[in-house]
Amino acid sequence: MRKLSALFIIIFLSIIVSSCGGSGSEKKVRVIKEKASYAQGEKRAIDILIAYDARDLETLKSYSSGMFKNVMDETFFDGIDSYLDAVRDWDGEIREVRYSMQEVTFDKTYYAKAYFADDPKHEGSIFVVTLKSKDKETWSMSSNGLTGLSKEKFDALSVTIPEEE
């Protein structure tokens with residue numbers, strides 16, 4: 001009876017392990033580091049990084065704005081390997097968010113740059129998710145959302161959203 005019970009347990013555990021991705025199908029689980037509070041745009045940046053990691057074009061379109069979403073198709077991920085590598089290796093944490101504002105013909109646009117990774121190929125460069133907003137609350141991707149930037153330029157941005165003049 002004990003041998004039969006032990007055999008049943010071994011078979012049961014084998015089924016559980018194989019159905020959970022053991023031996024063969026490697027499925028990565030993204031661990032996001034939770035915080036007590038988030039900077040403006042930070043949660044949206046996390047959502048965008050998760051969508052990039054999953055190659056979820058429909059979610060990325062929903063975070064895009066204007067005409068850009070109309071040109072997002074199956075070739076969207078082509079030619080951006082260094083960005084995709086950074087997203088794949090991302091540790092689940094936004095290191096810092098910095099802000100700027102541009103005014104063109106009395107129309108103000110606010111930008112948030114969410115620093116998520118260092119660029120291992122270029123000393124002093126980082127990867128950021130670039131977001132834009134008209135109201136400082138609703139953030140969408142600026143262009144394709146992912147940008148390389150020098151750490152020096154990032155540090156020159158404001159730690160708070162610029163106030164209207």
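The values are calculated or read from the model by the stated rules, or taken from the named source; none is laboratory data. Since we're looking at a predicted model, the values are computed, not measured. Cβ sites come from the backbone with ideal geometry, for glycine too, and all protein chains shown count toward neighbours.
Scanning the stretch 95-116 for residues that are closer than 19 Å to Ile32 by Cβ and surrounded by fewer than 14 Cβ atoms within 10 Å (Cβ to Cβ) turns up at least one hit. Between residues in the stretch 44-68 that are in contact (Cβ under 8 Å) with a residue 60 or more places away in the chain and within 25 Å of Glu96 (Cβ to Cβ) and residues that are aromatic (Phe, Trp, Tyr) and assigned to a helix (DSSP H, G or I), which pairs lie under 9 Å by C-beta distance while being six or more apart or on different chains? Partner pairs satisfying both residue conditions: Arg44/Tyr63; Ile48/Tyr63; Tyr52/Tyr83; Leu60/Tyr52. Taking the stretch 43-68 as the range and being surrounded by fewer than 16 Cβ atoms within 10 Å (Cβ to Cβ), among the basic types (Lys, Arg) and farther than 17 Å from Ala112 by Cα as the test, only Arg55 passes.
Within the set of pairs 6+ apart or on separate chains, which have a first residue in the stretch 75-91 that is acidic (Asp, Glu), a second that is not in a helix (DSSP H, G or I), and C-beta atoms under 9 Å apart? Close Cβ pairs satisfying both conditions: Asp85/Pro120; Asp89/Ala117; Asp89/Pro120; Asp91/Val31; Asp91/Lys33; Asp91/Phe116; Asp91/Ala117.
Scoring Lys28 on the criteria (1) at pLDDT 80 or above; (2) out of contact with any Phe, Trp or Tyr (no Cβ under 6 Å at 6 or more places or on another chain) leaves a single failure, condition (1).
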